1. State whether the residues of the range 29-50 include one that is modelled with pLDDT of 90 or more and in a loop (DSSP other than H, G, I, E, B).
2. Being assigned to a helix (DSSP H, G or I) and at pLDDT below 85 is true for just one of S95, S106, S54. Which residue is that?
3. Identify the single condition in (1) at pLDDT below 80; (2) part of a helix (DSSP H, G or I); (3) among the charged types (D, E, K, R) that K25 does not satisfy, given that it satisfies every other one.
Amino acid sequence: MSLNCEMTMDLIALYHDGLASASTKKAVAEHLKHCPQCRESYAQYRRIYRMPKSGSMHRPIQEGATEQEYRRLAARMRQKRLLAAAGFFAYVCGSLCLTAIMLLKSRRETETSFFDFQKNKFYL
């Protein structure tokens, strides 16, 4: 598999994180051996996006991972989805409360009260 520079740049993140397939890893490594521009770009990428420590929550899953590692990953993904859902729910509730307050406030402002001096009566 021969890669051009554009394809290599698209695959660098997967290659760096260890998520690319074996054939893709081999093709990217081969391209990086022969292309100084891509090699420099990859070096910059590595400086900016260093791999997390092995105990980190964001450790990539290696080939042949155990079921326990997949369950841990699924639990992290579930937790992220729940946090996103809770944030969205809080946003919707806050928006509804603000809308209700604005509507009540505008309704009160449009209601006029006056005193009829001829009838000696106060009207709301």
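The values are calculated or read from the model by the stated rules, or taken from the named source; none is laboratory data. Only a predicted model underlies this, so the values are computations on that prediction, with no experimental measurement involved.
1. Taking every residue of the range 29-50 in turn, at least one turns out to be modelled with pLDDT of 90 or more and in a loop (DSSP other than H, G, I, E, B).
2. S106
3. Only one criterion is unmet by K25, namely (1).
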